[in-house]
Amino acid sequence: MAVAAVTGRPAAEFTEVAGTRVHASVLGPADAPDVVCVPGLGCSHRYFLPFARRLAPAARVVAVDLPGFGRTPGPRTALDVRGLSLALAHWLRATGRDGVPLVANSAGCQVVVDLAVHSPDLLGPVVLNGPTMDRHARSPLRQIGRLLAGAPRERPTLGLVLVKDYFEAGPRRIITTFRYLLADPVEQKLHHVRTPALVVRGSRDPVAPGPWAREVVALLPDGRYVEVPGAGHTLNYSAPEELAAIVRPLLPRAGPQHRREG
């Protein structure tokens, strides 16, 4: 059980669910509405902390570590997209966070979209920041090339965060998960997301280029496109204030959601 921090230092929450002990970083007033952050490939709660600190005065920001990443142990074999989304579903139910806004980055967007396929009741408003995988560039070389091209457009300290996260996850898990993400036909699932959805990208994001992001919007039943000028792929780390300003209008106006904390 965690008591949410109200300063710059997050609290750690652990929940026994989905066959593991799921960790989440919690920042913000205990009586504020929850917002759940879903990280991208190999990433942990750490790269959502700049965004959490900007949003925390208005929300209780909960950045979850999916199984095998961050501080959440995973099975010996990496989970595919469905396995990750099922783990997220079990955790949302166990902690009473069904229906809260979900803010995902990069591959986390694929996990959230897959969640909508089997557990649509768990979705609140959705923010898909830099959604992957662009179906027009679904190859390892093109995706890796885009990631490398986008690196200079991020805050330099992001590299330090990712090195730590990737080292903890291990190369085998990262590579296997990457292959699962490449094979995931996210464009065929978008119609399942029936809650309001914002597709957000930085105008200088090569990983989620404008045409692909707009295609994602067109395939969503209730989608809207937002572009952050001059920003790259990881808005939650490199443009956190801008992303927080986009998310604030999605917050419930009345008190916090019901929660069950493990």
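The values are calculated or read from the model by the stated rules, or taken from the named source; none is laboratory data. Treat the numbers as computed from the prediction; the structure is a model and nothing was measured. As a convention, Cβ positions derive from the backbone with ideal geometry for all residues, glycine included, and neighbour counts pool all protein chains shown.
Before moving on, here are some points about what is shown:
- Matching entry among Ala169, Ala197 (being within 18 Å of the chain's Cα centre (by Cα), in contact (Cβ under 8 Å) with a residue 40 or more places away in the chain and more than 27 Å from Arg76 (Cβ to Cβ)): Ala197
- Residues satisfying the stated conditions in the range 7-34, i.e. closer than 30 Å to Arg76 by Cα and out of contact with any Phe, Trp or Tyr (no Cβ under 9 Å at 6 or more places or on another chain): Pro10, Ala11, Ala12, Glu13, Phe14, Glu16, Gly19, Thr20, Val26
- In the range 178-236, the qualifying residues are those that are out of contact with any Asp or Glu (no Cβ under 7 Å at 6 or more places or on another chain) and either aromatic (Phe, Trp, Tyr) or modelled with pLDDT under 95 (or both), and the one that is surrounded by the most Cβ atoms within 10 Å (Cβ to Cβ) is Phe178.
- Selection of the range 13-64 for residues being polar (S, T, N, Q), surrounded by 23 or more Cβ atoms within 10 Å (Cβ to Cβ) and over 21 Å from Ile246 (Cβ atoms) yields only Ser44.
- Within the range 6-28, tally of residues that are within 21 Å of Pro252 (Cβ to Cβ) and either modelled with pLDDT under 95 or among the β-branched types (Val, Ile, Thr) (or both): 2
- Residues in the range 204-231 that are under 20 Å from Ala116 (Cβ atoms) and small (Gly, Ala, Ser): 4 in all.
- Conditions (1) touching a Ser or Thr at 6+ places or on another chain (Cβ under 6 Å); (2) modelled with pLDDT of 95 or more; number of the one not met by Asn129: (1)
- Filtered residues of the range 207-251 (kept if over 23 Å from His45 (Cα atoms) and part of a loop (DSSP other than H, G, I, E, B)): Pro209, Leu220, Pro221, Asp222, Pro229, Gly230
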